[in-house]
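Written out below as structure tokens is the structure these notes cover.
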Amino acid sequence: MSKEFRSWRRRVQALDGVSFSVRQGEVFGLLGGNGAGKTTLVKILLGLGRPTAGRVEVRGVDPRRTRARRRVGYLPEGHRFPGYLSGEAAMRLFGRLAGMDEARITARTSELLDLVGLGERGSDRISRYSKGMTQRLGLASALLDDPEVLFLDEPTDGVDPVGRRHIRDVLLAARERGTTIFINSHLLSEVERTCDRVGILHQGRLLREASVDDLTRPTRRFRIRLAEGQHAPPACLDRYRAAATNGHIDVEVPDLGTLNQLLDGLRGERLLIAEVSAQRAALEDVFIEMVREESAS
Amino acid sequence: MKVWALVVDTWREALARYTLLGFLIVSSLFLLVLTFALNLDIVDGSLAAGSLFGKAFDLHGDTPIETVVTTGESAFAAMLYGLGIFLAIFATGSQVPNLVHRGTVDLYLSRPVGRTTLLLGRFVGAVTLVLANLAFLCGGVFVIISLKTGVWNARFLLAGGLIALVFLSYLSFMYLVGVLSGSTPLSIMLPYAIYIIAMPLMAHQHIAAAMDSRLAATVVHGLYWVLPKSAEHGRDVVQLVMGKGDPSWVAMGTTLAFGAVCLGAAVAIFQRKSY
């Protein structure tokens with residue numbers, strides 16, 4: 001699928017031959033820098049925009065059709081809720097537009113506002129909400145119709161660490177209920193913690209689509225933790241080009257044999273080893289490396 | 001249910017943004033001024049003396065009260081035609097720009113509601129809003145004059161209906177401008193501009209005859225037939241109140257056609273537009 005924005009002055013290729021599928025019940029993260037095309041892609045998936053070429057289906061239906069958006073939740077980036085409404089009134093409006101009956105809207109509004117921590121402020125006007133509060137209202141609104149598919153564009157934008165954790169818990173609970181979740185984010189640590197699979201989008205092209213485990217596979221880097229108050233002799237560390245920081249020894253070895261030689265060396269010095277852990281590549285490192293390679297080529 | 005939700009939303013927005021209150025305040029001021037400024041002295045069914053803003057009417061002989069009232073009402077109807085349209089455009093000009101604002105339109109369009117339903121739902125909301133306001137303004141003037149004179153000229157209310165129909169065309173045009181530009185100032189200014197430009201076009205035959213080029217004459221005729229007939233409707237409102245014949249159906253038909261085309265175009269563009 002491709003999308004080109006045309007104006008009389010210039011043409012911008014926002015998406016270029018993007019192709020992927022998201023399985024039912026999985027959490028899919030779309031990673032990309034600013035201007036990579038993430039929001040354009042989500043908008044096309046929701047029928048807010050149309051592709052210049054190619055085909056898009058959500059649950060087997062063209063998203064431009066009204067029925068494709070039944071039981072689909074969306075939290076847009078930079079959303080602007082009508083400030084003249086209260087949180088509850090906004091939920092009622094969007095519930096009615098979703099075709100929900102009044103009793104269910106009332107029940108879900110109360111339940112969801114409590115869930116996102118806005119139960120006490122539901123009757124306040126949205127214009128009096130902080131950014132984090134509107135973001136949480138956005139999440140509640142997206143969850144209103146008990147969605148089968150949830151699209152979240154920068155869901156933790158402007159939210160403090162506690163709120164972020166709260167949002168992550170809400171999303172993980174939704175996943176437990178079988179909701180398919182599509183997250184757009186450039187907060188890679190969040191994506192790493194929440195998503196099953198990710199796609200990396202750069203300048204409108206999907207560079208890679210893989211599971212988080214595949215992308216962050218174990219490296220040859222290990223972290224060795226010694227018992228409290230013990231320190232490895234520098235000579236031993238130098239031999240393996242290991243570095244000691246804050247009671248940890250970080251080392252990169254060519255094979256497991258070398259790692260065990262180092263451990264034998266430490267044991268030979270009568271040091272107690274508390275933990276040996278294999279280090280995984282951080283998603284952030286993988287992402288930056290991939291984008292850098294692509295830019296260079 | 002969905003249309004109802006959008007109508008309620010339109011009213012909430014008008015209330016919260018004080019446009020409804022502003023309309024009501026201006027209308028109420030107009031009605032209050034009329035109540036206290038209009039003084040009539042009726043003796044045996046004839047107007048013995050009367051004044052508006054303290055200025056005495058120039059009466060000739062035994063003028064029947066009905067004639068005086070209908071003449072007065074026609075003047076008010078002409079005034080309301082301008083004031084009503086002015087206020088209504090002002091009260092509804094921000095409707096579509098607020099809807100299509102980035103970050104807001106996404107919230108509406110991501111629901112299982114058709115774009116046509118969404119736009120027309122807001123349109124219906126705006127129509128109910130303006131009808132209520134016009135009913136208050138025209139109905140208020142009608143009640144005050146009728147109570148003061150004892151003459152109940154129902155044709156005055158018909159004039160209110162005519163004003164509402166003309167406004168529908170302007171509202172449709174505002175929706176088209178709003179969908180195309182997303183700009184509140186443009187959505188308010190362009191209907192005013194059309195209202196004013198269309199005024200002299202009532203004399204399009206004379207204007208075209210004075211043109212040197214045939215193309216320019218054709219343009220003048222074309223504009224006359226395409227744009228709402230502001231001047232004709234003003235004249236019709238007066239004639240309707242005075243009972244001097246029916247409104248010009250051609251003028252009304254072409255004005256409504258203008259509105260229908262604008263609304264149709266607004267819906268079609270909104271359907272196709274990417275947000």
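The values are calculated or read from the model by the stated rules, or taken from the named source; none is laboratory data. Nothing here was measured: the structure is a model prediction, and the numbers come from that model. Reconstructed Cβ throughout: ideal geometry from the backbone, glycine too, with neighbour counts over all protein chains shown.
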message = Would you confirm, using the coordinates I've provided, whether residue B:203 is among the small types (Gly, Ala, Ser), buried (at least 17 other Cβ atoms within 10 Å of the Cβ) and farther than 30 Å from residue A:44 by Cα?
response = no
key: Cβ-Cβ under 9 Å pairs, at least 6 apart or on other chains, the stretch B:1-28 side within 11 Å of chain A (Cβ to nearest Cβ), far side of a type in the set (Asp, Glu) and part of a loop (DSSP other than H, G, I, E, B)   = B:1/A:101
ask   = Is there a residue in the stretch A:151-161 that is in contact with a strand residue (DSSP E or B) (Cβ under 9 Å, 6 or more places away or on another chain), assigned to a loop (DSSP other than H, G, I, E, B), within 13 Å of chain B (Cβ to nearest Cβ) and modelled with pLDDT under 90?
value = yes
query = Has the stretch A:9-26 got any residue that is surrounded by 17 or more Cβ atoms within 10 Å (Cβ to Cβ), within 9 Å of chain B (Cβ to nearest Cβ) and within 21 Å of the chain's Cα centre (by Cα)?
reply = no
remark   = Of the residues in the stretch A:212-237, those that are surrounded by fewer than 18 Cβ atoms within 10 Å (Cβ to Cβ) and either part of a strand (DSSP E or B) or polar (S, T, N, Q) (or both) come to A:218, A:219, A:220, A:221, A:223, A:225, A:230
note = Selection from the stretch A:129-148 of residues more than 11 Å from chain B (Cβ to nearest Cβ) and touching a Ser or Thr at 6+ places or on another chain (Cβ under 9 Å) yields A:135, A:140, A:143, A:146, A:148
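Of all strands (runs of 3 or more DSSP E) completely enclosed by the stretch A:2-61, which ones contain at least 3 residues that are within 24 Å of residue A:156 (Cβ to Cβ) and at pLDDT 90 or above? Break it down stepwise before answering.
Values: elements: A:3-6, A:11-15, A:27-31.
In the stretch A:2-61, A:27-31 are the strands (runs of 3 or more DSSP E) which contain 3 or more residues that are within 24 Å of residue A:156 (Cβ to Cβ) and at pLDDT 90 or above.
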ask   = Can you tell me which residues in the stretch A:50-68 are farther than 18 Å from residue A:40 by Cβ, within 7 Å of chain B (Cβ to nearest Cβ) and charged (D, E, K, R)?
value = A:67
ask   = Between a first residue in the stretch A:1-26 that is closer than 28 Å to residue A:146 by Cβ and a second residue that is among the polar types (S, T, N, Q), which pairs have beta carbons less than 6 Å apart while being 6 or more apart in sequence or on different chains?
value = A:24/A:180; A:25/A:180
task = Scan the helices (runs of 4 or more DSSP H) fully inside the stretch B:122-229 and keep the ones with 3 or more residues being closer than 26 Å to residue B:105 by Cα.
result = B:155-181, B:184-198
task = Show the residue pairs that are 6+ apart or on different chains and have beta-carbon atoms under 8 Å apart, the first residue being within the stretch A:280-297 and closer than 15 Å to residue A:32 by Cβ, the second being among the polar types (S, T, N, Q) and surrounded by 13 or more Cβ atoms within 10 Å (Cβ to Cβ).
result = A:283/A:216; A:286/A:216; A:294/A:203
ask   = Quick check: anything in the stretch B:9-27 at pLDDT below 85, more than 24 Å from residue A:124 (Cα to Cα) and either touching a His at 6+ places or on another chain (Cβ under 8 Å) or in a helix (DSSP H, G or I) (or both)?
value = yes
message = Could you check the stretch A:75-115 and list, in sequence order, the residues that are in contact with a strand residue (DSSP E or B) (Cβ under 6 Å, 6 or more places away or on another chain) and either hydroxyl-bearing (Ser, Thr, Tyr) or more than 10 Å from chain B (Cβ to nearest Cβ) (or both)?
response = A:86
ask   = Does residue A:201 fit the bill of being in the same structural domain as residue A:13 (by TED's automatic domain parsing) and buried (at least 21 other Cβ atoms within 10 Å of the Cβ)?
value = yes
Which numbered condition residue A:214 fails, given (1) more than 30 Å from residue A:279 (Cβ to Cβ); (2) charged (D, E, K, R); (3) without any contact (Cβ under 8 Å) to a residue 12 or more places away in the chain = (1)
message = Any residue that is in contact (Cβ under 8 Å) with a residue 40 or more places away in the chain and small (Gly, Ala, Ser) - is there at least one of those in the stretch A:240-253?
response = no
